[in-house]
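Please read the structure below before turning to the comments.
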Amino acid sequence: MQELITAICAAGGALALAILGFLSSKEPFDMRKFAASILTAIIAGVGVAVTVNYTATDISVISCLLAFLTGAGADASRKAVAKNVSRG
């Protein structure tokens, strides 16, 4: 159960950053652009859940916050890399 909650927190962080980016862009919604963030959220969720501390018996607010920020960082990193790769 701890892994599932951690995965949801990480995916939520990535999706929250994607939604904030959409809201600040003032562009019409494009599902194709948002799909990359959804994929990043899934990958971040699985990645963080795999590395969660298995010795802890319960999940804390701090571990949820760290998972959330890790997911947001994964989406921000993906966007930064895509921007720099497209520049050449």
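The values are calculated or read from the model by the stated rules, or taken from the named source; none is laboratory data. In this text, all values refer to a predicted model and were calculated from it rather than measured experimentally. No Cβ is skipped: glycine too gets one built from the backbone with ideal geometry, and neighbour counts run over all protein chains shown. Keep in mind that these areas ignore ligands, DNA and RNA; they rest on the heavy atoms of the full protein, side chains included. Shrake-Rupley method; radii C 1.70, N 1.55, O 1.52, S 1.80 Å.
Do we find that GLY71 is free of Cβ contacts under 8 Å to residues at least 40 places away in the same chain, out of contact with any His (no Cβ under 7 Å at 6 or more places or on another chain) and open to solvent by less than 30 Å² (accessible area, probe 1.4 Å) in this structure? So GLY71 fails the test.
Take the conditions (1) open to solvent by 70 Å² or more (accessible area, probe 1.4 Å); (2) touching a residue at least 24 places away in the same chain (Cβ under 8 Å); ILE19 misses just one of them, which is (2).
When segment 22-48 is filtered for residues that are surrounded by 14 or more Cβ atoms within 10 Å (Cβ to Cβ) and farther than 14 Å from ALA74 by Cα, the ones remaining, listed by number, are PHE22, PHE34.
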